[in-house]
Structure formats: structure tokens, C-alpha cells
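The next block holds one structure in the form of C-alpha cells; read it before the comments.
Every read-out reported here was derived from the displayed coordinates using simple, explicitly stated rules and does not represent laboratory data. Just so it is clear, the model here is predicted, and its values are computed rather than measured. With ideal geometry, Cβ positions are generated from the backbone for all residues, glycine too; neighbour counts draw on all protein chains shown.
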Amino acid sequence: KDFAPISMVAQGYQILVVNPAFPAKTLAELVAMAKAKPGTINFASGGNGSPLHLAAELFKIASGVDITHIPYRGSAPAATAVVAGETEMMFGGVVSSLSFIRVNRLRPLAVTSPKRIDALPDTPTLAELGYPGAQASSWYGLFAPVGTPAAIIARLNREMVALGKNDEHKEQLSKQGQEAVYSTPEELAQFVKAESEKWARVIKTAHIEAN
């Protein structure tokens, strides 16, 4: 409530990855295994309540599987744990996951984006696989202090929209696993409201508490 929305800036997504030795070769096989033996498949995250943890909890709700959360002190140790076989799976960031996928140390099963990502054109989205409610993103928006004059908000929005269309800007964000986006202030306000309500439901359903 202390901020006035200006525009969206970027969105990034996650990749559901498993250890290459994990028997499930597809998401359907993973779900079947998880339902056959509830609680026996572990997923790593960068910490309790982290974006990667929340993405997995959202998938649990959408798919009805019972998988066990193993939190680590950051996404890098979590990815290392999956690579080493300490845990079977995780939802990882695009850039960090791709570095392991390209050397066959992680196997991608799905992406949380609304459409397939260019870096993994053969990897389906969760929505394609029957879980449209499991879409998750890490997003960035531009805000000003509440009470900023409307003319200034409008000027900053115009500049942000122009930047969002800039090819060099898009390329730089893409290298970081992000997609350049832009919006009206009203669209950003609606997006923030929807995201807040969505993740509040996930946190409540999954009984996630800060620690």
C-alpha cells in the first residue's frame, strides 16, 4: 500500500527437473510414482517459503501428489543436492537449471511458463500436461512512492513500455532467464492483487510458516 504501480518489467519461470537416475522419464510417470508411494519422493528448494518451494507446493495442490520438502540454504545447494541424488527433484530457475541440463546432470520434465521456453523447446509446460493451475513465475515490477503525481507515473510508464520493446533490453533479460514484459499501472496493480491472493492460498493450504 506504500507503493504506486508503474509497469511490469520482467517475468522468469521455473523448470521441474529430476536427477537423471530417477526412474520417471515424464511428468505423468512422476505423478504416478508419487501417488503410488505418498511421501517417499523428496523435492529440494532454496529454503522454506522461497519461490522454488512455493512453485512445488502449488504443483502439489494442482496434481494432488504428496512429495516431501527438503529445504536448503539457497537454490545452488538445492540444485547440487538433486544432481548428487540426495533428493529426487526440484523446481529450479531457468539459468541455473540449464547449466546442469546441458551436461545431462539434470533432466527437465516441465516448465512453469504459459508457453514453452526457447531454451527448451522440447520440454512441455505444466499446462500442456494437464496442470494449468500450476503456472508459477518470479516477476519484477517498477513502483514509485504512493502519492507520486499521476503525470510522473505516466511518464515513467511510457519510458518503461519503450524499454520493454527494446531488443537489447530483451536480450539482456533473456540471458538471465527472464522475459521482458510491460503493462499499464492498472494492469500491474491487478496482477499484484491476484498474485498476493494466489500465493496466500498456497501458503495457507501448505501450512508454510516463516523460520
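Okay, here's what the table says:
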quantity	calculated
Computed FRET value (nearest 0.05) for Ile61 with Ala36, which takes r as the C-beta separation and R₀ as 22 Å	0.70
The chain - mean residue ellipticity at 222 nm from DSSP helices (-39,500 (n - 2.57) per run, n ≥ 4, rounded to 500)	-13000 deg cm²/dmol
Debye, to nearest 20: dipole size of region 79-211, +1 on Lys, Arg Cβ, -1 on Asp, Glu Cβ	20
Relative contact order for the chain, counting Cα pairs under 8 Å that sit 6 or more residues apart, in percent	35
Positive-end residue, the chain charge dipole about Cα centroid, Cβ charges, pick of Ser45, Val83, Tyr140	Val83
DSSP beta bridge pairing in region 1-146, given as percent antiparallel to the nearest 5	70
Cross-link table Lys35/Lys175; Lys35/Lys204; Lys25/Lys193; Lys1/Lys35; Lys25/Lys60, entries beyond 30 Å C-alpha to C-alpha	Lys35/Lys175; Lys25/Lys193; Lys1/Lys35
Cα centroid of region 154-211 to Cα centroid of region 14-51, whole Å	27
Rounded to whole Hz, the Karplus (6.51, -1.76, 1.60) HN-Hα couplings of region 113-124, x for glycine and proline	7, x, 9, 4, 8, 4, 6, 9, x, 8, 9, x
Value of relative contact order over region 59-160, rounded to a whole percent, pairs C-alpha under 8 Å and six or more apart	19
Cβ-Cβ FRET estimate between Phe3 and Arg102, R0 fixed at 30 Å, reported to 0.05	0.20
DSSP-assigned coil residues among trypsin sites (Lys or Arg not before Pro) in region 100-171, each with at most 13 further Cβ atoms within 10 Å	Arg102, Lys115, Lys165
